[in-house]
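Down below is the structure, laid out as structure tokens.
The values are calculated or read from the model by the stated rules, or taken from the named source; none is laboratory data. Computed from a predicted structure; not experimentally measured. Here the Cβ positions follow ideal geometry from the backbone for every residue, glycine too, while neighbour counts run over all protein chains shown.
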Amino acid sequence: MLVSIYRYNPEVDDKPRMQDYEIELPGGKDLMVLDVLELLKRQDPSIAYRRSCREGVCGSDGMNISGTNGLACITPVSAATRNGKLVLRPLPGMPVVRDLVVDMSVFYKQFEKIQPYLINNSPAPAIERLQTPAEREKLDGLYECILCACCSTNCPSFWWNPDKFIGPAGLLQAYRFLADSRDTATEERLSNLEDPFSVFRCRGIMNCVAVCPKGLNPTRAIGHIRSMLLQRAS
Amino acid sequence: MVTNVTSFGRSGLYDWLVQRVTAIILAVYFVGMLGYLIQHPDLSYQQWHALFSTTWVRIASLLALISLCAHAWVGLWTISTDYLTPYLIGPKATVLRLLFQAGSVALMFIYLVWGIQILWGM
């Protein structure tokens, strides 16, 4: 099989290039894209990529696989191959550190902005802050995000204004804390999101929903944030 | 740096709401106009003139015209702050963006005054 990989080492190369590799895959099973990368790394140890858990939990190996963002470890080669060719590129719109490794600083900065932790200044109860099953259920579909950045780096609004638009991943987490019955900073959180960029750069094209490897729906969460802002203002 | 000072209402929520409300007004107006045109296939100038002589059509048209300007301002501002940024086209972006925004506002103002003039037949 033919695998085409984005190669760029800023210390040596003037500009990025695509390098083709021919690889014989073991028959009888459908490998994951990460397995192919591991095999290629034996052929050419200079290929750089991130990986860790290899089972879709850590979110390290987010990359652009044949034109669609996804996690290499849980994307089957059969699903990612187009015309017998597998094309691997780094996450779009991010500065490349080397090959498939990108600098995620701006992504984490947006995550930090939404204060991704529970804020509650009332005295802590003796054991724990309780929630009803219904209150807990509101966090389903929100807390599962692994911050792989597949969604945000597939979003044109995030490409154009990565320093001001929070991006789908950050907004999903923003709503995760807005929806939490134990959090008391709702007013402060909403005030921080009301400007024309943080939330309202979302044009609802749902690229984020299409690529999320965990099947989450940031667009719906953004809609909930908009409703909360509207209710608060009117 | 791209900031909020040139946005329609300085608030994302306000701009968003204005864009949605004006979109509904425009949709209702144009569907109504289309309905009228379908009902009058052999429309004469006299009929068309009579339609726009009625106060309610003038009010609706003026509302649609103002809505169009507000809607376009939010949309064009969004486009200019998406594509005309130092991040995408370099250090000249801010000047270019402000010129584009000033041009858009001037054009909308001209269209608005011109539209009122046509509506009231001055």
- Message: Of everything in segment A:113-139, what is surrounded by 10 or more Cβ atoms within 10 Å (Cβ to Cβ) and of a type in the set (Asp, Glu)? Give them in sequence order.
- Response: A:Glu135, A:Glu137
- Task: Considering only segment B:76-110, state which residues are crowded, with 16+ Cβ neighbours inside 10 Å and small (Gly, Ala, Ser).
- Result: B:Ser80, B:Ala93, B:Ser104
- If you go through A:Val102, A:Val97, A:Val87, the only one that is surrounded by 21 or more Cβ atoms within 10 Å (Cβ to Cβ) and at pLDDT 95 or above is A:Val102
- Starting from residues that are of a type in the set (Gly, Ala, Ser) and under 18 Å from B:Leu119 (Cβ atoms), keep the ones in segment B:20-62 and report whichever is nearest to the other protein chains (Cβ to nearest Cβ). B:Ala60
- Those residues that are free of Cβ contacts under 8 Å to residues at least 60 places away in the same chain and either surrounded by fewer than 19 Cβ atoms within 10 Å (Cβ to Cβ) or away from every other protein chain (no Cβ under 11 Å) (or both), I need them from segment A:161-175; list them, please. A:Asp163, A:Ile166, A:Pro168, A:Leu171, A:Leu172, A:Tyr175
- Note on the structure: Taking segment A:5-34 and keeping residues surrounded by 11 or more Cβ atoms within 10 Å (Cβ to Cβ) and acidic (Asp, Glu) leaves A:Asp13
- If you go through segment B:63-84 one residue at a time, how many are more than 14 Å from B:Leu107 (Cα to Cα) and more than 14 Å from chain A (Cβ to nearest Cβ)? 3
- Query: Is there a residue being outside any strand (DSSP E or B) and either polar (S, T, N, Q) or farther than 23 Å from A:Cys145 by Cα (or both) anywhere in segment A:91-102?
  - Reply: yes
- Residue by residue through segment A:15-31, note down the ones that are in contact with an Asp or Glu (Cβ under 9 Å, 6 or more places away or on another chain) and in a strand (DSSP E or B). A:Gln19, A:Tyr21
- Message: When the residues of segment A:62-84 are narrowed to those that are in a strand (DSSP E or B) and of a type in the set (S, T, N, Q), which ends up surrounded by the most Cβ atoms within 10 Å (Cβ to Cβ)?
- Response: A:Asn69
- Note on the structure: Picked from segment A:188-209 (must be over 20 Å from the mean Cα position of the chain (by Cα) and within 7 Å of chain B (Cβ to nearest Cβ)), the residue farthest from A:Tyr117 (Cα to Cα) is A:Pro196
- Could you list, in sequence order, all residues of segment A:214-234 that are assigned to a helix (DSSP H, G or I), more than 12 Å from chain B (Cβ to nearest Cβ) and either surrounded by fewer than 14 Cβ atoms within 10 Å (Cβ to Cβ) or among the aliphatic types (A, V, I, L, M) (or both)? A:Ala221
- segment B:8-19, residues that are at the interface with another protein chain (Cβ under 10 Å from one of its Cβ atoms) and either farther than 24 Å from B:Leu96 by Cβ or modelled with pLDDT of 75 or more (or both): B:Ser11, B:Gly12, B:Leu13, B:Tyr14, B:Asp15, B:Trp16, B:Leu17, B:Gln19
- Go through A:Leu34, A:Leu86 for me and flag whichever is farther than 25 Å from A:Phe158 by Cα and free of Cβ contacts under 8 Å to residues at least 60 places away in the same chain. A:Leu34
- Yes/no for A:Phe158 being touching a Gly at 6+ places or on another chain (Cβ under 8 Å) and either at pLDDT below 95 or in a helix (DSSP H, G or I) (or both): yes
